[in-house]
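The values are calculated or read from the model by the stated rules, or taken from the named source; none is laboratory data. Remember, predicted model here, so these are calculated numbers, not experimental data. Here the Cβ positions follow ideal geometry from the backbone for every residue, glycine too, while neighbour counts run over all protein chains shown.
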Amino acid sequence: MLDSNGFTRPQYETIVVDLTAKWQELFGSDSDTSAHSVAGVLIRLMAFFLDLIYKLAEKVYNSQYLSTATGVSLDKIASNFGLYRNPAEQAIVDLSFTGTPGFVILAGKMFKTTDGKIYQLGSDVLLSASGTGAGTAYAMETGAQYNVPANAITSQVEPTSDIFTVTNPQAVENGANIETDAELAHRVRLANDTKPSSPVNGVISAVMEVPGVKSVQVVTNNTMAVDSYGNPAKTIHVYVDGGEEMKIADALFNSVSAGILMVGSHTETMTDAAGFSGNVVAFDYATKETIFVTVDVTTNNDFEIDGVDQVKKAVNDYLGSVPMGGTVRFSYLYKYIYDNVNGIVVATVKIGTKADSQAMTDIPLTQFSIATTTADSLVVTKNGN
C-alpha cells in the first residue's frame, strides 16, 4: 500500500486472508478455503507469487532513497554525488631479507605468515655484499584480512637455503575489502554535508574516499603555541584508520590549503602542477590498542567444525567497526557472535585492556586509537575447554 506514510508491503499471511475473503465474497461464505482444499491451494499459490511481486515493489520503492537503497541502486545514487564504491584492494608490503651475498631472489617468490597468508614478490631482489636486501610483495588476494602486524611475514612458501630471514618491518595497512553499503552511504552523507562547510570537513571527506580508510580525525592548532597534543603552532595533524599511505598523502595534498603545515610521523613529498616537488605531506595512522577478549560458548550439534574461528572473526569484525576513539561495548559482541555463528546456546564475553583484568564492561578507547586483538589476546573456549 502506498499512502502519505510511504510504501507498506503486505505480509504473505495478510495476502492469504485478503484473497480468502475475496474468494468467499465471489463464491459464497461456505466455500472451503482450508489449506488443503482446491480453493485453499489456489489462494496460497497466488499469494506466494503476489508476495514476490510486493517484495520487488518494496525494493524498487526503497532504491530511490539513500537510507534504504542497496547494491547497484545505492551505487547509482552515489554516482549522482560523484562518488563510487571503493573496490577491494590488494595489500602491498615491503619485505626485508638476509641471505647469501649476491643471491637473487626472483620475482614471484612467495612468503607467508604463520597462519598461512601468502604474499608474492613483485620484482627480483639482489642481496648486497652484506647479504641484505629489500623488495615489495603483494598479497595473493584482495581484502583487509591481509593486513598484518609488523614482523608477521617470516616464512618462505618454498624454502631455499640462500634466504636466511624474511620479515616485514612495518605493519601492512593497505589491504581493503570492497566497500559495504553502509560505508558507501556514510561517505555520500559526509560528502553532501561537507561541500559547503569548513576546510576541516573537506579534508575528512577527501581522506574518507581513500579505499580502506574507516575513520579520520583532524586536529588543528590555530594558536601560536604548542597545543595539548604536542602539535606545533599553526599546524594540522590528521589521524587515519586504514588506507594506503601514498593514496592518503595524495588526498591530503589535494584537500589541505596551501601554507598550512601538516605534522605526523608518516611523510610523503608531493609534486604540484607547476612541477615543484618539495611539498611535504604528513599524517599519522591511528594507534592500535590491544583489547583482551575471552569468549566461552556452550554449543549444540549445529556448531560447525570451524565454529571457534567463526567466533574469533565475529569478534574482530565488531572491533573493526568501532570508530577511532570510540567505545568498545562488550554487549555488542553478543549480537555479532549470535548473528554470525550457528550452534551457540549460551555465550559469555569478557573484555579488558589487560589479560588479568577482563570483565563485562565497556572500554573507551583513547582519542586516536582503534581496537585490535592478537593471537594471544583473543581466547575462545568451547563448552569450558
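Report, by residue number, each residue of the stretch 95-130 that is in contact with a strand residue (DSSP E or B) (Cβ under 8 Å, 6 or more places away or on another chain), of a type outside the set (V, I, T) and exposed (fewer than 13 other Cβ atoms within 10 Å of the Cβ).
Residues satisfying the conditions are G102, L106, G108, S123, L126.
Quickly run through the stretch 1-14 and pick out the residues that are exposed (fewer than 14 other Cβ atoms within 10 Å of the Cβ) and in contact with a Leu (Cβ under 9 Å, 6 or more places away or on another chain).
Matches in the stretch 1-14: T8 only.
Return only the number of the condition from (1) at pLDDT below 95; (2) in a strand (DSSP E or B) that I305 does not satisfy.
The number of the failed condition is (2).
Table: residues versus (1) polar (S, T, N, Q); (2) under 20 Å from the mean Cα position of the chain (by Cα).
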position	(1), (2)
A282	no, no
P323	no, yes
T327	yes, yes
S357	yes, no
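In the stretch 340-379, how many residues are within 22 Å of D306 (Cα to Cα), charged (D, E, K, R) and in contact (Cβ under 8 Å) with a residue 24 or more places away in the chain? Steps first, please.
Going through the stretch 340-379, the residues within 22 Å of D306 (Cα to Cα) turn out to be 340-350, 372-379.
Those still in the list that are charged (D, E, K, R) too: 350, 376.
If we keep only those that are in contact (Cβ under 8 Å) with a residue 24 or more places away in the chain too, we end up with 350.
Final tally of qualifying residues: 1.
Can you tell me which residue within the stretch 15-34, out of those that are free of Cβ contacts under 8 Å to residues at least 12 places away in the same chain and not in a helix (DSSP H, G or I), is surrounded by the most Cβ atoms within 10 Å (Cβ to Cβ)? Before you say what the answer is, go through the steps one by one.
First, the residues of the stretch 15-34 that are free of Cβ contacts under 8 Å to residues at least 12 places away in the same chain: 17-18, 21-22, 24-26, 28-32, 34.
Those left that are additionally not in a helix (DSSP H, G or I): 28-32, 34.
On the way: G28: 8, S29: 9, D30: 6, S31: 15, D32: 12, S34: 9.
So, considering only residues that are free of Cβ contacts under 8 Å to residues at least 12 places away in the same chain and not in a helix (DSSP H, G or I), the one surrounded by the most Cβ atoms within 10 Å (Cβ to Cβ) is S31.
Give me the residue from the stretch 148-162 that is in a strand (DSSP E or B) and of a type outside the set (S, T, Y) and, out of that set, surrounded by the most Cβ atoms within 10 Å (Cβ to Cβ).
Quick first cut of the stretch 148-162, residues in a strand (DSSP E or B) only: 153-156.
Of the ones still in play, those that are also of a type outside the set (S, T, Y) are 153, 156.
On the way: I153: 23, Q156: 14.
That would be I153.
Within the stretch 67-124, work out how many residues are at pLDDT below 90 and of a type in the set (A, V, I, L, M, F, W, C).
2
Say we look at the stretch 341-385 and pick out the residues that are among the basic types (K, R) and surrounded by 15 or more Cβ atoms within 10 Å (Cβ to Cβ); which of these is modelled with the lowest pLDDT?
Going through the qualifying residues, I end up with K382.
Checking the condition touching a Leu at 6+ places or on another chain (Cβ under 7 Å), closer than 18 Å to V380 by Cα, assigned to a strand (DSSP E or B) and assigned by TED's automatic domain parsing to the domain that holds S369, which residue from V297, V293 passes?
Details: V297 fails: touching a Leu at 6+ places or on another chain (Cβ under 7 Å).
Every option except V293 fails the conditions.
Restricting attention to the stretch 61-68, does a residue exist that is assigned to a helix (DSSP H, G or I), more than 24 Å from the chain's Cα centre (by Cα) and farther than 25 Å from G243 by Cβ?
yes
Criterion first (in contact (Cβ under 8 Å) with a residue 40 or more places away in the chain and not assigned by TED's automatic domain parsing to the domain that holds K247) does G102 satisfy it?
Against the criterion (in contact (Cβ under 8 Å) with a residue 40 or more places away in the chain and not assigned by TED's automatic domain parsing to the domain that holds K247), G102 does not qualify.
Suppose we filter the stretch 220-241 for residues that are over 23 Å from Y84 (Cα atoms), buried (at least 18 other Cβ atoms within 10 Å of the Cβ) and not aromatic (F, W, Y); how many remain?
Total satisfying the criteria: 6.
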